[in-house]
Every structure is written in C-alpha cells, then in structure tokens.
1. Which of the residues that make up the range 419-462 are among the charged types (D, E, K, R) and over 22 Å from Phe262 (Cβ atoms)?
2. Could you tell me whether the range 267-275 includes any residue that is assigned by TED's automatic domain parsing to the domain that holds Pro152 and touching a Leu at 6+ places or on another chain (Cβ under 7 Å)?
3. What number of residues within the range 130-153 are surrounded by fewer than 21 Cβ atoms within 10 Å (Cβ to Cβ) and within 17 Å of Asp254 (Cβ to Cβ)?
4. Report yes if Val197 is more than 22 Å from Glu113 (Cα to Cα), touching a helix residue (DSSP H, G or I) at 6+ places or on another chain (Cβ under 6 Å) and part of a loop (DSSP other than H, G, I, E, B), otherwise no.
5. From (1) surrounded by fewer than 18 Cβ atoms within 10 Å (Cβ to Cβ); (2) within 29 Å of Thr446 (Cα to Cα), pick out the condition that doesn't hold for Trp333.
6. Of a type in the set (A, V, I, L, M) and surrounded by fewer than 19 Cβ atoms within 10 Å (Cβ to Cβ), is that true of Leu295?
7. Could you please let me know if Ser321 is more than 27 Å from Trp392 (Cα to Cα) and in a loop (DSSP other than H, G, I, E, B)?
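The values are calculated or read from the model by the stated rules, or taken from the named source; none is laboratory data. Owing to the predicted nature of the structure, the values given are computational and were not obtained by experimental measurement. Neighbour counts run over all protein chains shown; Cβ positions are idealised from the backbone, glycine included.
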Amino acid sequence: MMPIGRPRKTSAPRERRTPLPAGTRLVPDDSLRRFDGGRVLLGGSPLRLLRLRRDAAGRVEDWLEGRPTDGDRAEGALARRLIDAGMLHPLPGASALGPADVTLVVPVRDNPEGVARLLAATTGLAARIVVDDGSVVPLPQATHRHRAPAGPAAARNTGWRQVTSSLVAFLDSDTIPEPGWLESVLPLFTDPEVLAVAPRVRSLPGPGALSRYEAERSSLDLGRRPAAVRPMSRVGYVPSAALVIRRTALSAVDGFDEALRFGEDVDLVWRLIATGGTVRYQPQATVWHQPRPTLRAWLRQRFAYGTSAAPLALRHPENLSCASLSPFSAAVWALLMTGRPLGGLSLAAATSALLPRKLRGHAIPVGTAFGLAARGHLGAGRILADATRRAWWPLALSGKAGRRALIAALLPCLIEGCSYGHELDPARWTALRITDDLAYGAGVWTGCLRHRVMTPLLPRLTNWPGRTP
C-alpha cells in the first residue's frame with residue numbers, strides 16, 4: 001500500500017505529438033463563437049481567446065463545413081490545438097478496433113444480481129473478467145477472488161493485469177451498458193494520443209423521490225456535451241464506473257492507486273493526462289447506473305465521495321479548488337455579501353466595462369464583451385454559492401455575514417427546484433439538492449481534517465478570459 005500523499009508512477013509527457021489521423025471530422029463545441037471573418041475564436045473550457053492566421057481560419061471554415069482532416073502535419077497541429085482547447089471535437093472515421101480488442105473487467109463485492117445482469121448485457125464481449133473483492137458469499141461468476149476486501153482499485157488492478165487485448169473496459173457491477181455502446185467509443189482510439197474514453201453514465205429511472213432526483217443530478221452523469229477531460233475545466237474528471245482505457249496506458253502509470261478507497265478513478269485520469277495523452281468524454285455512448293436504494297446509503301456515498309478531495313489534493317494540489325474565479329468577481333461578491341450592495345454593483349459595472357476595452361483589438365463586439373463580463377460575474381456568484389454549500393458552510397454559521405451568505409447560497413437550489421420541469425415536486429427536489437451538497441461537504445471537511453490539508457477548501461483566483469499565446 002502506498003502512503004497518502006506519495007505520487008504514483010507517471011510517465012514523462014511526450015514532447016512531440018503525433019498528427020491527427022486523416023479522415024477525422026471536426027464539430028464545434030456549443031461554446032464556440034467566431035469573429036473577424038473567423039480569425040478570432042472564443043470558447044472552450046476554460047474560456048479562452050485564439051487569433052488565427054488567415055490560412056488557419058480557412059481550414060477551420062472547411063472543417064466546420066464538413067471536410068475531414070487530410071493528415072497534413074500543420075493542419076493536424078492546428079486541429080489538436082483547437083481540440084485541446086475544447087473548441088472543436090473529433091468525429092473519427094471507421095475504426096479498425098472491435099469487440100475482440102476489448103476485455104471487460106468488473107470489480108464487485110456482494111452484488112451477484114448486478115453481475116448477472118451486467119454479464120447478460122455484455123455477451124458481445126468474448127473476454128470478460130470478474131474480480132470478487134472479498135464477498136461474504138463467494139460469487140460463482142468470478143474469475144478471480146480476493147479473500148478479504150481490498151477495495152475497488154485493487155480489484156480493478158487484479159483484473160486488468162490479466163488482460164492481453166489492447167483495450168480494457170471497466171464497468172461496475174451496478175451498471176448496464178446500452179446495446180452498441182462501444183460503437184461511438186472505439187473510433188476515438190483511432191487517434192493514438194487518446195488513452196481513455198468514458199461514456200455517459202446515467203442513473204436508472206425509478207419511482208422513488210431519490211431515483212427521480214438522481215436521474216437529473218447524478219454525480220456520475222457529466223452531461224450531454226462531449227469534451228476533452230482536463231482538470232479545472234467543464235469536464236474535469238470521468239468516473240471508472242464506465243471507462244475504456246488502453247492497456248499500455250494503464251501499465252505506463254501502474255494502474256489504480258490502491259491506497260485510495262475513493263477518488264482512485266479521478267487520480268488515474270489525472271495521471272494519464274499528465275503523461276501528455278488525451279482522455280475524452282463521449283456522451284453518445286450511454287451506460288446506465290443503479291442509484292443507491294435508500295436515503296441513508298445515498299448520503300453515505302455522497303459523504304464518502306467528499307472524503308476523497310483531501311488525498312487527491314495531496315497528490316494533485318494544482319487540480320483542486322472549491323471555487324475558481326477572477327479577483328474582480330471575488331471582490332464584487334464579497335461587497336454584496338458584507339452588506340455593501342452599492343459598492344458591489346458599482347464594481348461589477350466598472351469591471352464589466354473594462355472587458356470591451358481589453359477585447360477591442362480582437363474584433364469582439366462591445367455588446368458581446370460586456371455580456372461575457374456580466375455572465376462571468378453571475379457565474380462566479382453561482383460558483384461561490386456552490387462552494388458555500390459544499391465547503392464553507394461550517395464557517396458560514398459562525399457569523400452574521402456568513403449566515404447571510406449561506407442563506408443566499410441556498411437560493412440557486414430553490415430557483416432550480418421551481419424553474420425546471422422536474423419529475424419531482426419543488427420542495428423535495430430542493431431539499432435533496434441541498435442535502436446532497438451538505439453531505440458531500442461534510443465528507444470534504446472530514447477528509448481535510450484527517451489528512452491535515454486545506455487545499456480543497458481554498459478558492460483560486462484566475463485571470464479571465466484566458467488567451468493562449
């Protein structure tokens with residue numbers, strides 16, 4: 001067992017990148033906006049500004065009209081730059097990989113019904129490995145067994161180290177993949193720099209209030225938009241409940257960190273990215289997940305997830321923060337929450353007026369720039385509200401201003417509960433939403449105190465918008 005805080009094996013980043021495979025089509029991210037005849041691009045996650053040469057802008061125009069890449073090195077470098085920025089997403093052509101190139105690995109403990117259901121749904125995969133992690137009653141479907149529970153990381157490591165195929169598909173025993181789920185996953189491995197691909201994990205619908213809430217707010221469901229996975233971005237991690245990885249990539253980083261009981265998947269993904277490779281989120285593929293059956297079990301799970309923040313911060317301090325926002329936005333909301341609304345609104349207006357001047361030389365219209373600044377301040381308010389509910393609420397209870405901030409932080413939950421077409425009534429949806437954050441936050445505090453690290457509780461001040469050189 002590796003002690004908490006000691007970094008796991010990570011291969012050195014590759015200095016020379018391979019060309020993007022010819023025949024790859026590129027589609028824009030929903031955030032992408034173009035100005036100055038296509039020479040200025042704004043979008044991605046985190047939001048950034050790119051200015052292109054005229055010939056590069058022409059290539060982007062061709063891609064957006066449907067022309068695939070042709071394998072040219074300069075073109076491939078530009079495409080990679082925009083894919084890495086989250087402005088474009090790849091749609092590879094036909095893949096030479098198929099089910100015969102994939103081995104399923106299922107870590108399981110005390111869930112024979114789930115394993116049986118999963119194996120029945122994955123008969124298209126000839127190679128399947130089930131690792132019984134010390135079940136009270138040994139599972140008859142298991143191909144390997146731990147005498148005592150060693151944790152999901154150890155179970156996955158036991159499984160993938162028996163694999164000889166080029167790809168390993170991890171699926172938890174409480175998941176069910178949709179038929180054909182690999183059809184949109186495998187083509188992404190045509191790009192040799194793609195090390196792992198995660199499908200969308202959605203919560204199975206059910207009649208209870210908790211099931212209906214999880215169907216909309218599951219922490220495993222990262223949404224409908226594709227993404228390059230990157231810390232501190234829109235999709236900063238992917239869960240190993242459903243994850244396809246190159247076996248060579250797993251070997252290069254020595255697999256999962258068995259010292260981590262929770263967060264071992266986040267740690268693995270971040271170490272893969274640190275090697276210079278790419279991890280992609282592919283929501284066109286869907287795997288369904290069975291949520292916890294009771295409120296108590298669900299709260300225990302949310303608390304446990306929160307405890308992973310501290311050990312992850314010891315390993316990846318640059319990748320964790322409860323709130324990332326600009327100094328201006330932080331000052332605006334500090335003034336508002338300390339009872340100085342005139343000062344806060346004045347600062348918000350003044351700083352919003354600065355951004356059009358900053359972007360004037362990049363052909364960004366004044367109205368667009370002002371709107372970006374205003375939405376940036378509003379977005380920062382939501383980020384701070386989330387951080388208050390999930391990380392700062394114990395401190396907020398200690399003073400009048402803190403209690404005011406905590407009450408304000410609950411308002412977005414109430415607005416969400418009343419504004420959208422939920423299957424659950426607003427009162428119960430809002431109550432579960434708040435309880436969700438508080439349980440996770442209690443886990444964060446417990447982990448921080450246990451490991452004596454405060455990084456997950458600290459905000460990060462950033463410049464906005466980002467501009468690449």
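1. Filtering the range 419-462 for residues among the charged types (D, E, K, R) gives 423, 425, 428, 433, 436-437, 450, 452, 460.
Of everything in the range 419-462, those that are among the charged types (D, E, K, R) and over 22 Å from Phe262 (Cβ atoms) turn out to be Glu423, Asp425, Arg428, Arg460.
2. For the range 267-275, residues assigned by TED's automatic domain parsing to the domain that holds Pro152 and touching a Leu at 6+ places or on another chain (Cβ under 7 Å): present.
3. Selection size over the range 130-153: 1.
4. Details: more than 22 Å from Glu113 (Cα to Cα): yes; touching a helix residue (DSSP H, G or I) at 6+ places or on another chain (Cβ under 6 Å): yes; part of a loop (DSSP other than H, G, I, E, B): no.
It is false that Val197 is more than 22 Å from Glu113 (Cα to Cα), touching a helix residue (DSSP H, G or I) at 6+ places or on another chain (Cβ under 6 Å) and part of a loop (DSSP other than H, G, I, E, B).
5. Exception for Trp333: condition (1).
6. Numbers: of a type in the set (A, V, I, L, M): yes; surrounded by fewer than 19 Cβ atoms within 10 Å (Cβ to Cβ): yes.
The answer is yes for Leu295.
7. Details: more than 27 Å from Trp392 (Cα to Cα): no; in a loop (DSSP other than H, G, I, E, B): yes.
No, not satisfied.
Listed here are the residues, each with its yes/no results for (1) within 23 Å of Pro459 (Cα to Cα); (2) of a type in the set (Ser, Thr, Tyr); (3) in contact with a Pro (Cβ under 8 Å, 6 or more places away or on another chain).
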site	(1), (2), (3)
Pro327	yes, no, no
Ala330	yes, no, yes
Gly343	yes, no, no
Gly361	no, no, no
Thr368	no, yes, no
Ala374	yes, no, no
